[in-house]
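Colleague: Submitted below is the structure of interest, expressed as structure tokens.
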Amino acid sequence: MCDTLNSIRTAYNDKKLIPFIGSGFSIPLGLPNWNDLIAKTAIELGYEPELFTLHGNNFQLLEYVKQFHESEWENLLHDIKRDFDSSEVNAKRESSITHIALSKLDKIKTIYTTNYDLQIENSLKQHARSVTVLSSLKDFIRSPVHDIDCEVIKFHGTLKQGETLILTETEYLKRMNLEEPVDLRLRSDILSNSFLFIGYSFNDPNIRYIWFKINELKEQLRPQAKLRPSYFVTFGGLDTIQNRLLERWGIISINLDPGNKTEDLAKFIESIGV
């Protein structure tokens, strides 16, 4: 762990460390549970929630709602935008030790996230960081904003631009083509940076596919270029099978205490800037 932390600190001090943040990072904020949102929509459609979920996974169910029930779809979008940016959530973010720790790493110049919510960028602003958010094509082609010291790249869209949200199966499958402007930027960043994945599970198919594509790019560049390693934060992840599979992709696992997830993660993030 000591050698790994030193490597992460070196990347950070070189301004070559890029966090890639998942939904697990926001759990302490009490964001609405997706199962609860879908259950509410099921009731609106006249289904028992438990029976509704038997008809597919979340992406498939949301596909059905969007395609065949416009009114309920609009209600769902309203609930998402309201609940993910509620006063209660914002209040928790203001005192969130993990968000505070991340925001204080002032040598972090780019953050990727698959989260829709606005809490990462709001936390950066709360700590006097100047921020720009990139999600849609127009974000990437607009003139560069001066005096910005951190970019937040929203890999699955942002609440501020509802059309960018990846919610349905069709949207998700199209997203996995990895041919959007954000993907071109990702490929560029991979070439000279170390990524630090936080808030994901070993079993997350979306992030594993991204890791696979990252590894494909690395293989294309070898032996012409020696790329930096990336890192994956897990809790009690002593599964040597998964650790070895990630190492094959140039991703080093960092195992933190599963009994004190929020506190241990905050301490780890803080230790990067020491």
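The values are calculated or read from the model by the stated rules, or taken from the named source; none is laboratory data. All figures in this text were calculated on a predicted structure; none of them were measured in a lab. Backbone-built Cβ (ideal geometry, glycine too); neighbour counts: all protein chains shown.
Colleague: Being in contact (Cβ under 8 Å) with a residue 24 or more places away in the chain, crowded, with 16+ Cβ neighbours inside 10 Å, of a type outside the set (A, V, I, L, M, F, W, C) and part of a helix (DSSP H, G or I) is the filter here; which residues of region 243-263 pass it?
Modeller: Within region 243-263, 261 is the sole residue that qualifies.
Colleague: Now for a different question. Go through region 34-79 and count every residue that is surrounded by 13 or more Cβ atoms within 10 Å (Cβ to Cβ) and under 17 Å from residue 172 (Cβ atoms).
Modeller: Residues meeting the conditions: 16.
Colleague: Determine whether region 97-105 contains at least one residue that is assigned by TED's automatic domain parsing to the domain that holds residue 233 and surrounded by fewer than 17 Cβ atoms within 10 Å (Cβ to Cβ).
Modeller: yes
Colleague: I've got another one for you. Which condition breaks for residue 198 when tested against (1) modelled with pLDDT of 80 or more; (2) within 19 Å of residue 260 (Cα to Cα); (3) touching a Ser or Thr at 6+ places or on another chain (Cβ under 8 Å)?
Modeller: If we test residue 198 against (1) modelled with pLDDT of 80 or more; (2) within 19 Å of residue 260 (Cα to Cα); (3) touching a Ser or Thr at 6+ places or on another chain (Cβ under 8 Å), just (3) comes out false.
Colleague: Looking at 82, 93, can you tell me which residue is farther than 30 Å from residue 192 by Cα and either loosely packed, with under 15 Cβ neighbours inside 10 Å or touching a Gly at 6+ places or on another chain (Cβ under 6 Å) (or both)?
Modeller: Working: 93 fails: either loosely packed, with under 15 Cβ neighbours inside 10 Å or touching a Gly at 6+ places or on another chain (Cβ under 6 Å) (or both).
From the options 82, 93, the qualifying one is 82.
Colleague: Which of the following residues is in contact with a Leu (Cβ under 7 Å, 6 or more places away or on another chain) and at pLDDT 95 or above: 92, 15, 66? Break it down into steps so the answer makes sense when it comes.
Modeller: Working: 15 fails: in contact with a Leu (Cβ under 7 Å, 6 or more places away or on another chain); 66 fails: in contact with a Leu (Cβ under 7 Å, 6 or more places away or on another chain).
Checking each option against the conditions leaves just 92.
Colleague: Give the residue, chosen from 204, 189, that is at pLDDT 85 or above and among the acidic types (Asp, Glu).
Modeller: On the way: 204 fails: at pLDDT 85 or above.
Testing whether each residue is at pLDDT 85 or above and among the acidic types (Asp, Glu) leaves just 189.
Colleague: Among (1) outside any loop (DSSP other than H, G, I, E, B); (2) under 28 Å from residue 265 (Cα atoms); (3) modelled with pLDDT of 90 or more, where does residue 211 come up short?
Modeller: Checking residue 211 against (1) outside any loop (DSSP other than H, G, I, E, B); (2) under 28 Å from residue 265 (Cα atoms); (3) modelled with pLDDT of 90 or more, the one that fails is (3).
Colleague: What number of residues within region 240-258 are modelled with pLDDT of 90 or more and either of a type in the set (Asp, Glu) or within 18 Å of residue 26 (Cα to Cα) (or both)? Explain how you work it out, then say what you get.
Modeller: Restricting attention to region 240-258, the residues satisfying the condition of being modelled with pLDDT of 90 or more are 252-256.
From what's left, either of a type in the set (Asp, Glu) or within 18 Å of residue 26 (Cα to Cα) (or both): 256.
Count: 1.
Colleague: Just give me the residues in region 87-108 being assigned to a loop (DSSP other than H, G, I, E, B) and more than 16 Å from the chain's Cα centre (by Cα), in sequence order.
Modeller: Just the residues of region 87-108 that are assigned to a loop (DSSP other than H, G, I, E, B), to begin with: 95-96, 104-108.
Passing the criteria: 95, 96, 104, 105, 106, 107.
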